[in-house]
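The values are calculated or read from the model by the stated rules, or taken from the named source; none is laboratory data. As the structure is a prediction and not an experimental result, all values here were calculated from the model. Because the Cβ atoms are built from the backbone with ideal geometry, glycine has one as well, and the counts that use them run over all protein chains shown. Note: areas computed on protein heavy atoms with side chains; ligands, DNA, RNA excluded. Shrake-Rupley method; radii C 1.70, N 1.55, O 1.52, S 1.80 Å.
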Amino acid sequence: MNGHHSAIPHFHSLIASRRALCFHFAGLSSKHFFRLLPCFVAALLILSATSLVRAADAPEPGELFRSGKYEECVGAATLAFKSSAYIESNPLWKLRAELELGRYADAAVTFEAALKSFPRSIEIRWWGREVCRYTNQLPRVAQLNEQIGTLIQQTPGYYSDAPNRIIVGRFLLSEGLDPKKILDGAYNIIKRQQPNYVPAYLASGELALDKQDYALAAESYEKAAKLDPKETEAQFGLALAYAPSDASKADAALKAVLARNPNHIGALLMTVDSLVDSERYEDADTVLEHIAVINPHQPRAAAYRAIIAHLQNQPDRERTHRDFGLKHWTTNPEVDHLIGKKLSQKYRFAEGAEHQRAALLLDPKFLPAKMQLAQDLLRLGREAEGWKLAEEVNQADGYNVVAHNLVTLQESVNKFRTLESDGIVARMDAREAEIYGHRVLDLLKRAKQKLCAKYDVELKSPIIVEMFPKQEDFAIRTFGLPGGAGFLGVCFGTVITANSPASQGGHPTCWESTLWHEFCHVVTLQKTHNRMPRWLSEGISVYEERQADPTWGQTVNPLFRKMLLGDELTPVAELSGAFLRPASAQHLQFAYFESSLVVEFLIEKHGIDVLKKILQDLGNGITINESLVRHTGSLEELNAEFIGFARVQAEAMAPNADWTVPELPTRADPSQLSAWLTKHPKNYAALQRLARQLVAEKKWDAANDTLKAMLTLYPGDEGGDGLYPLMARVAKELNDPAAERAAWEALAQLSDDNLEMIARMTELTSQAGEWELAKKYTERWLAVNPLQPVPHRLAAAAAEKLNDDALAVDSYRALLLLDPIDAAELHLQMAKTLQRTGALSEAKRHALLAVEEAPRFRAAHRQLLDIIAATEQATPANPPPPPLPTEIEP
């Protein structure tokens, strides 16, 4: 978390209006100092000097609670309270167990009895707030808050032990105090004085999670789990901390929680969340039934039931479950917040935003709802309100990472250049917009025209496309947090965010294919009103990439072939789950590819009209499985037929090649490889290893023979360091320009972003005077990286030969923006080209700039004079004065 300058914290006054405790740093101005009552200065001295007494071992009720035996915990705590009325933890365990069981009225009775027995307890009051919320005693919550503040103010030394300091810290956080000061001034002091005290690490992790500092949370919970491997809250905290970044660790922690406590409601709800994301609604219902046995009134469980009902187009059930979730705490903002958040995760941002507004009506100070609403509005293109809400959250909570990131990002976005045409609004870095912004607009307009016509969609609102030169900015705009390194672009429906070529370092991908893919999402999401499963949305977009350009999208490769023929295929009805927690980056890519194969299968077998009917059904609220059954038959038959289709595709790829992994030493030399290949002559991996070693040893003829054998087996090898780059190199070394060009041309039919191939083909076609082809390859180069000067320079050369003045102007303009060393010459060429087009004023400006760059540049002087002469010639002479009237009007 971002922190301020460190200093020794001091407790200070209670603000009279809110009775909120404040930390205060040394060094405040006298004006501020005297405005605060220094009644807690002594308190800090007491807290810092007092030796923290380690809590006694947890009593039996605590063990029962932590293992999920809540009924038994109530009984044991009741007996323990009767026999040991002086132990405060006994009624607390009973109260907490009753809350877990949803027995809110019983918990209220327990709370009153406990408070009577322990009138000075702040921990009982802390938990009593929860009891009062679930019994709709909201004014009592404010009273308890005030009592906690008063008690700490009056007798701070009484609450100087470790358990109470943690309650004090949580209370201060709830009152909006600086989290870092609480971490340093309370929790970390406990850790220093009692380094094995587990609750201090749990509290630190809880604080970090609340502020979305997942790394700090994981560190705290790891320490707690190490100190007490049986502590379920440590494992649950780890599951939450690792969920955004490491699915395997999160799953392991979640399993550990449920092994220790199968009734842990938080862990069960986290399981439900994952099942909902995977569209496994029946399985989610099963877990929710288990939760209902534990606590039939659990509000978050009711929220998940409402979410599932919404996704299954059951509005009456949705309202019933939402209302049930608010039955015991009628102003609980978390119910609507959770419903809205999950709907937004399903790309239903409008519905999600409405639930966040409902949450804020119940509690205007509930910042999670305000933050989520800000993000929803930004994704809906309603930016003025979205940015304003993000700023409000940042002002209210300076440690909200998402709000801070968005507010910081807004400063960069405000500097973007906006380009508009045909309902497309493109926002880009100003320099990049000048260089290739028109190409972005042209590509998007082509996508709009073709895809809208194909899917019978009319876009009724502008489509906003933002391209970020920094990957971190893209991630923050898209996800709220840094990360998402594997994403090239994201579509929210009417808003697309994408990485620009500048953000991709030395290995950029084809930005044109990315934008085509994302615009296809615009079309399908608009057609379905954002009601489509992820697998279908991604599948159509990848499929349409391949339709637009054979080199775009994904095709069968050796890895995908192995996965298709193995047991890696996901059933169609479960495909969305394959995107959530893939075993590896390769499995995620395979999920995209498999989804596109399903779409291809549906179109080949049933036709594009059936696919459009399915999309229409989704827009009308029919679930994907229902629609598939309506139009294609049973899901079992569909899945079986698709598996057969997919395997045919796999087997059609290099059918004569042997794809087994060769049993060879890692450092086998060419002689060993050759000997092994005599018995396995079609093993592609072994042939590839041999070819690479022969090239490394410069045995060109032998390498050529091996590469020819590879070519007969797998002509579709598009690897950047595979068949065709090796063939091209060998041909060049053997002085066979025709073979070299043939190799690069073959790769050009397969790859859209191999810059080595594109650059070489541009060079070869330019040398051969094949200017139309040279122009085509410069266009392909610019579709990958328009921020390099070389393709623009080659495009300008082709344009001059082809008399393509428009391309020449674009190329010279781009070159002038790319810090050229020959700016004067470029201005001169721009002046000549503009003069040919008749843009004499602009031509004159560039001629003057050429002279300014190089005052003795005679060619520029001559060009300037020529332009001036042409301008004078084009300007008509002064017209003669009008003739005098023959008659004077009266």
- Task: Please identify the pairs in which a residue from the range 299-321 that is closer than 14 Å to D273 by Cβ and without any contact (Cβ under 8 Å) to a residue 60 or more places away in the chain has its Cβ atom under 9 Å from the Cβ atom of a residue that is open to solvent by less than 20 Å² (accessible area, probe 1.4 Å) and among the charged types (D, E, K, R), counting only partners at least 6 apart or on another chain.
- Result: A303/D336; A303/K342; Y304/K342; I307/K342
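Within the range 535-551, can you find the residues that are outside any helix (DSSP H, G or I) and open to solvent by 20 Å² or more (accessible area, probe 1.4 Å)?
Selection gives D549, P550.
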- From the list E112, E88, E60, pick out the single residue that is more than 28 Å from H290 (Cβ to Cβ), at pLDDT below 95, open to solvent by 40 Å² or more (accessible area, probe 1.4 Å) and acidic (D, E). E88
- Is there a residue in the range 63-76 that is in a helix (DSSP H, G or I), more than 19 Å from T232 (Cα to Cα) and in contact with a Gly (Cβ under 6 Å, 6 or more places away or on another chain)? no
- Message: Please pick out the residue among L338, L378, L373 that is closer than 17 Å to I308 by Cα, open to solvent by less than 50 Å² (accessible area, probe 1.4 Å) and assigned to a helix (DSSP H, G or I).
- Response: L338
- Task: Kindly indicate whether G577 is buried (at least 24 other Cβ atoms within 10 Å of the Cβ), among the small types (G, A, S) and within 19 Å of the chain's Cα centre (by Cα).
- Result: no
- Item | Criterion violated by Y684 - all others in (1) open to solvent by 50 Å² or more (accessible area, probe 1.4 Å); (2) in contact with a strand residue (DSSP E or B) (Cβ under 8 Å, 6 or more places away or on another chain) satisfied | (1)
- Message: Consider the range 448-474. How many of its residues are closer than 25 Å to A485 by Cβ and not in a loop (DSSP other than H, G, I, E, B)?
- Response: 9
- Message: I643 - would you say it is over 30 Å from P715 (Cβ atoms), in contact with a Leu (Cβ under 9 Å, 6 or more places away or on another chain) and open to solvent by less than 60 Å² (accessible area, probe 1.4 Å)?
- Response: no
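Which residue out of V610, V629 is assigned to a helix (DSSP H, G or I) and within 16 Å of G539 (Cβ to Cβ)? Step through it out loud before you land on a result.
Working: V629 fails: within 16 Å of G539 (Cβ to Cβ).
Of V610, V629, the one residue that is assigned to a helix (DSSP H, G or I) and within 16 Å of G539 (Cβ to Cβ) is V610.
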- Query: Before we move on, is T110 out of contact with any Leu (no Cβ under 6 Å at 6 or more places or on another chain) and not aromatic (F, W, Y)?
  - Reply: no
- Item | Of all residues in the range 344-358 being among the aliphatic types (A, V, I, L, M) and touching a Leu at 6+ places or on another chain (Cβ under 8 Å), the one that is surrounded by the fewest Cβ atoms within 10 Å (Cβ to Cβ) | A350
- Query: Condition test on I603, is it closer than 24 Å to I308 by Cβ and modelled with pLDDT of 95 or more?
  - Reply: no
- Item | Filter pass, G157 being touching a His at 6+ places or on another chain (Cβ under 8 Å), touching a residue at least 60 places away in the same chain (Cβ under 8 Å) and of a type in the set (G, A, S) | no
- Message: Among the residues in the range 141-149, are any buried (at least 17 other Cβ atoms within 10 Å of the Cβ) and either within 30 Å of K255 (Cβ to Cβ) or among the β-branched types (V, I, T) (or both)?
- Response: yes
- Residue count, the range 231-245 (criterion: open to solvent by less than 40 Å² (accessible area, probe 1.4 Å) and either of a type in the set (A, V, I, L, M) or farther than 18 Å from C73 by Cα (or both)): 8
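Quick grid of which residues meet (1) over 28 Å from the mean Cα position of the chain (by Cα); (2) among the aliphatic types (A, V, I, L, M); (3) open to solvent by 10 Å² or more (accessible area, probe 1.4 Å):
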{"site": "A256", "(1), (2), (3)": "no, yes, yes"}
{"site": "G266", "(1), (2), (3)": "no, no, yes"}
{"site": "D277", "(1), (2), (3)": "no, no, yes"}
{"site": "Y281", "(1), (2), (3)": "no, no, yes"}
{"site": "T286", "(1), (2), (3)": "yes, no, yes"}
{"site": "Q312", "(1), (2), (3)": "no, no, yes"}
{"site": "R317", "(1), (2), (3)": "yes, no, yes"}
{"site": "T320", "(1), (2), (3)": "yes, no, yes"}
{"site": "F324", "(1), (2), (3)": "yes, no, yes"}
- Task: Answer yes or no as to whether Q586 is open to solvent by 40 Å² or more (accessible area, probe 1.4 Å) and modelled with pLDDT of 95 or more.
- Result: no
- Task: Check the range 129-136 and report whether any residue there is of a type outside the set (V, I, T), modelled with pLDDT under 95 and under 19 Å from P299 (Cβ atoms).
- Result: yes
- Over the range 501-521, the set of residues small (G, A, S) and buried (at least 23 other Cβ atoms within 10 Å of the Cβ) is S513
- Do any helices (runs of 4 or more DSSP H) lying entirely in the range 711-825 carry at least 3 residues that are acidic (D, E), open to solvent by less than 20 Å² (accessible area, probe 1.4 Å) and free of Cβ contacts under 8 Å to residues at least 40 places away in the same chain, and which ones are they? none
- Note on the structure: Going through (1) closer than 22 Å to A548 by Cβ; (2) surrounded by fewer than 19 Cβ atoms within 10 Å (Cβ to Cβ); (3) among the charged types (D, E, K, R) one by one, K448 fails only at (2)
- May I ask you to list the residues in the range 203-230 that are of a type outside the set (S, T, N, Q), part of a helix (DSSP H, G or I) and open to solvent by less than 30 Å² (accessible area, probe 1.4 Å)? A203, G205, L207, A208, A217, A218, Y221, A224, A225
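Inside the range 398-437, can you point out the residues that are of a type in the set (D, E) and open to solvent by less than 20 Å² (accessible area, probe 1.4 Å)?
Matches in the range 398-437: E432 only.
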- In this structure, is T660 open to solvent by 40 Å² or more (accessible area, probe 1.4 Å) and either at positive phi or under 43 Å from the mean Cα position of the chain (by Cα) (or both)? yes
- Query: Any chance the range 619-627 includes a residue that's β-branched (V, I, T) and in contact with a Pro (Cβ under 8 Å, 6 or more places away or on another chain)?
  - Reply: yes
